[in-house]
Amino acid sequence: MDVEVDHYVILGLPSGEEGAKLSDKDISKAYRSKALELHPDKRLDDPNAHANFQKLKTSYEILKDEKARKLFDDLLRVKRVKLQQRSKQDFKRQKLRSDLEERERAAFAPDLTTKARDEEETIARKLKEEIARIRAMHANKATTAAPSFKKETMVGGKESTDGSQSGVDKEKVLKVSWEKLGVDYSAQKLKELLEQFGGVEDVVIKSSKKRGSALVVMASKDAAVAATRSVCGSLTNPLLVLPLQNSATTAFSSTPTFVEPDAPKPSNLVGAGYHAFEDSVLKKLQKV
């Protein structure tokens, strides 16, 4: 008889520990019930009916024998222990395999701390580059928007931050302007033109691409009043001379100045207007 056959199962009884607790009466009762079911006379169409009935009878004879049944119970017990140990080993093996796979994944996985640090450094570097780009862009805009002034060296004195003279009486300061059309004026040239009305302490030129201008500090208020609207400069590029601040003594100036309020301005001298301006300048020169 094959030792792998479970005789309790052949008789339709529970196996294992429950089968070992069954009495002989329980085994006999199960055999009679199963024999009526598997008897060849009731299974005429089953070619295996006789063989199955013989297996049933053999299993019953083994379980009815006290010594054979005990050995069979021991065999089933050993099989159960072996199966349990194998199950435990399989579990341990599976656990070891899982732990090994986890360690391998951890070993070959990227370091999250290092990755985060590298990403932070990359973002910080890009942010610095963007800030530098924005600052440079605003600096270029400011440079483009600001008027470009060309400052010439002053004829004496020190230049203040606003182009005027620190501590200078504003009534002695003249504003001189001209168009950038032909002859240009230097600080020395303006000084020579204005010295005919009195001493000149300082000249500061600020010029742009289209228009030239200068601040001239005269030696006295009277000299400033005398020079106001009296200096013509070159006929091709006349000068416009105005006081920086109106003097209180203008009405009492010792030097008479011929002023024509309605004379054409130098910036719009064309055609007959230019001839009128030329006549006015000549009259002023004769007056002086």
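The values are calculated or read from the model by the stated rules, or taken from the named source; none is laboratory data. Remember, it's a predicted structure, so these values are computed and weren't measured experimentally. Neighbour counts run over all protein chains shown; Cβ positions are idealised from the backbone, glycine included. Heads up: the accessible areas ignore ligands, DNA and RNA and are worked out on the full protein's heavy atoms, side chains in. Shrake-Rupley method; radii C 1.70, N 1.55, O 1.52, S 1.80 Å.
Of everything in the range 166-195, what is of a type in the set (G, A, S) and free of Cβ contacts under 8 Å to residues at least 24 places away in the same chain? Give them in sequence order.
Filtering the range 166-195 down to residues of a type in the set (G, A, S) leaves 166-167, 177, 182, 186-187.
Answer for the range 166-195, where residues must be of a type in the set (G, A, S) and free of Cβ contacts under 8 Å to residues at least 24 places away in the same chain: S166, G167.
Annotation: A109 fulfils all but one of (1) of a type in the set (A, V, I, L, M, F, W, C); (2) without any contact (Cβ under 8 Å) to a residue 60 or more places away in the chain; (3) surrounded by 12 or more Cβ atoms within 10 Å (Cβ to Cβ); the unmet one is (3). So, in the range 198-211, exactly how many residues are at pLDDT below 85 and within 21 Å of K284 (Cβ to Cβ)? Residues flagged as at pLDDT below 85 and within 21 Å of K284 (Cβ to Cβ) within the range 198-211 amount to 1.
Per-residue answers, yes or no, for (1) touching a strand residue (DSSP E or B) at 6+ places or on another chain (Cβ under 6 Å); (2) modelled with pLDDT of 70 or more; (3) surrounded by fewer than 19 Cβ atoms within 10 Å (Cβ to Cβ):
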{"residue": "D118", "(1), (2), (3)": "no, yes, yes"}
{"residue": "V176", "(1), (2), (3)": "yes, yes, no"}
{"residue": "G182", "(1), (2), (3)": "yes, no, yes"}
{"residue": "L215", "(1), (2), (3)": "yes, yes, no"}
{"residue": "A223", "(1), (2), (3)": "no, yes, no"}
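This table checks each residue for (1) open to solvent by 60 Å² or more (accessible area, probe 1.4 Å); (2) not hydrophobic (A, V, I, L, M, F, W, C).
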{"residue": "R32", "(1), (2)": "yes, yes"}
{"residue": "E37", "(1), (2)": "yes, yes"}
{"residue": "Q54", "(1), (2)": "yes, yes"}
{"residue": "L71", "(1), (2)": "yes, no"}
{"residue": "R86", "(1), (2)": "yes, yes"}
{"residue": "K92", "(1), (2)": "yes, yes"}
{"residue": "T114", "(1), (2)": "no, yes"}
